[in-house]
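Student: Sending over a structure as structure tokens; questions will come in a sec.
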Amino acid sequence: MLKTRIILIAASAILIWLIFLLPKVVVDNEDELGNNTADSSSLQTNSHPPAPKEILAGIRDLRLQIRESTANEKNAIFADSLSDLYQIAGKSDSSAWFAEEAAKFFNNVGSWIKAGDQFYQAYTLALDQPKQNYFAEKTREYYEKVLDEDPDNLDVKTKMAMTYLSSQSPMLGITMLREVLGTDPNNELALFNLGMLSIQSGQYDKAVERLEALVKINPAHVQGHLLLGIALMNTDERLRARAEFEKVKQMDRDPAVQATVDSYLKDLK
């Protein structure tokens, strides 16, 4: 029921980031992760609103300039700009491809992070297993370059950890997330991801602990309050769950968010 509800409310603005982070894996236990169960053959980019005409025009113009130019640096700049435009247009796979082209030329930490981030976004939206595996591998390829130069980049390490959850080595991802918290107990991204994984695995008490820590660190973390409410609801702490859902309603007035929270509040009656 819970997993179905999360899928049904994926269109809500508040949960877009949650779905980006949600691994495509059924979790029976945080220490015993199952295999990926996604069976769709396409990316979820078709649900993205149509790109503005000026964005599409910019893409066409830059692609034409790349075809006509023979200067490597200029083409790398064009590719970097195309990556940005494709991201706005909601085409994460194309955005990743052009970010990689730029990274091949610039070959620095900034370009590796951008390429890794775009491949990570494509990974989180991929419902087809082969595509998901490919994007996960490309994400790790660029994030590994970043961590070789900057081992203390915990956000990169956290996102890289999430790509392992749908691989043949899911426990490596869990271990990396725990290492991040070992280094920085207040790391919001790691707390959020581990809290979400605890909910998926039915370890609601552990989810409550992690998500309470998250919202204490960042009281404005809307997604954290929402997940905390879900975790509390599943530990029969109904009054506290209601309080968290009411906070979300006050923090985000988006109609989709309001409808989502109302559906949970209805379950608490």
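Student: Would you tally the residues in the range 166-176 being over 25 Å from Val109 (Cβ atoms), of a type outside the set (Gly, Ala, Ser) and not in a loop (DSSP other than H, G, I, E, B)? First the steps, then the outcome.
Tutor: We begin by selecting, within the range 166-176, every residue over 25 Å from Val109 (Cβ atoms); these are 166, 168-171, 174.
Narrowing the set further to residues that are of a type outside the set (Gly, Ala, Ser) leaves 168, 170-171, 174.
Still in the list and also not in a loop (DSSP other than H, G, I, E, B): 170-171, 174.
Residues that pass the stated criteria total 3.
Conditions tested, residue by residue: (1) at pLDDT below 95; (2) touching a Ser or Thr at 6+ places or on another chain (Cβ under 9 Å); (3) not in a helix (DSSP H, G or I).
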{"position": "Ala96", "(1), (2), (3)": "yes, yes, no"}
{"position": "Phe105", "(1), (2), (3)": "yes, yes, no"}
{"position": "Ile113", "(1), (2), (3)": "no, no, no"}
{"position": "Phe119", "(1), (2), (3)": "no, yes, no"}
{"position": "Gln132", "(1), (2), (3)": "yes, yes, no"}
{"position": "Glu137", "(1), (2), (3)": "no, yes, no"}
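Student: Conditions: (1) touching a residue at least 24 places away in the same chain (Cβ under 8 Å); (2) of a type outside the set (D, E, K, R); (3) more than 28 Å from Thr175 (Cβ to Cβ). Gln121 meets all but one. Number of the miss?
Tutor: (3)
Student: Okay, next question. Regarding the range 223-231, can at least one residue be identified that is polar (S, T, N, Q), closer than 19 Å to Asp155 by Cβ and at pLDDT 95 or above?
Tutor: Of the range 223-231, the ones polar (S, T, N, Q) are 223.
Now drop any that are not closer than 19 Å to Asp155 by Cβ, which leaves 223.
Narrowing further to those that are at pLDDT 95 or above: none.
The answer is no; no qualifying residue exists.
Student: Could you check the range 160-182 and list, in sequence order, the residues that are more than 19 Å from Ile113 (Cβ to Cβ) and among the polar types (S, T, N, Q)?
Tutor: Selection gives Ser166, Ser167, Gln168, Ser169, Thr175.
Student: Could you say which residue among Lys206, Lys249, Lys216, Lys269 is surrounded by fewer than 20 Cβ atoms within 10 Å (Cβ to Cβ), more than 27 Å from Met171 (Cα to Cα) and touching a helix residue (DSSP H, G or I) at 6+ places or on another chain (Cβ under 6 Å)?
Tutor: On the way: Lys206 fails: more than 27 Å from Met171 (Cα to Cα); Lys216 fails: touching a helix residue (DSSP H, G or I) at 6+ places or on another chain (Cβ under 6 Å); Lys269 fails: touching a helix residue (DSSP H, G or I) at 6+ places or on another chain (Cβ under 6 Å).
Selected residue: Lys249, the only one of Lys206, Lys249, Lys216, Lys269 that is surrounded by fewer than 20 Cβ atoms within 10 Å (Cβ to Cβ), more than 27 Å from Met171 (Cα to Cα) and touching a helix residue (DSSP H, G or I) at 6+ places or on another chain (Cβ under 6 Å).
Student: When you check Asn234 against the structure, is it at pLDDT below 95 and over 20 Å from the mean Cα position of the chain (by Cα), yes or no?
Tutor: Values: at pLDDT below 95: yes; over 20 Å from the mean Cα position of the chain (by Cα): yes.
So Asn234 fits the description; yes.
Student: Here's a follow-up. Would a scan of the range 146-157 turn up a residue that is of a type in the set (Lys, Arg), at pLDDT 95 or above and part of a helix (DSSP H, G or I)?
Tutor: Within the range 146-157, one or more residues are of a type in the set (Lys, Arg), at pLDDT 95 or above and part of a helix (DSSP H, G or I).
Student: Search the range 131-147 for residues that are among the charged types (D, E, K, R) and pair each with any residue that is surrounded by fewer than 21 Cβ atoms within 10 Å (Cβ to Cβ) and modelled with pLDDT under 95 when their beta-carbon atoms are under 7 Å apart and the residues are at least 6 apart or on different chains.
Tutor: Lys131/Leu43
Student: Pull out all pairs, ordered by first then second residue, where Cβ-Cβ is under 7 Å, the residues are six or more apart or on different chains, the first lies in the range 177-198 and is under 13 Å from Lys159 (Cα atoms) and assigned to a helix (DSSP H, G or I), and the second is of a type in the set (Val, Ile, Thr) and at pLDDT 95 or above.
Tutor: These pairs meet every condition: Leu177/Thr158; Val180/Thr158; Glu188/Ile217; Leu189/Thr158; Ala190/Thr158; Ala190/Val180; Asn193/Thr158.
Student: Please work out which one of (1) surrounded by fewer than 16 Cβ atoms within 10 Å (Cβ to Cβ); (2) in contact with a Ser or Thr (Cβ under 6 Å, 6 or more places away or on another chain) is the condition Asp152 fails and give its number.
Tutor: Asp152 satisfies every listed condition except (2).
The values are calculated or read from the model by the stated rules, or taken from the named source; none is laboratory data. Just so we're clear, the structure is a prediction, and the values are computed from it rather than from any experiment. With ideal geometry, Cβ positions are generated from the backbone for all residues, glycine too; neighbour counts draw on all protein chains shown.
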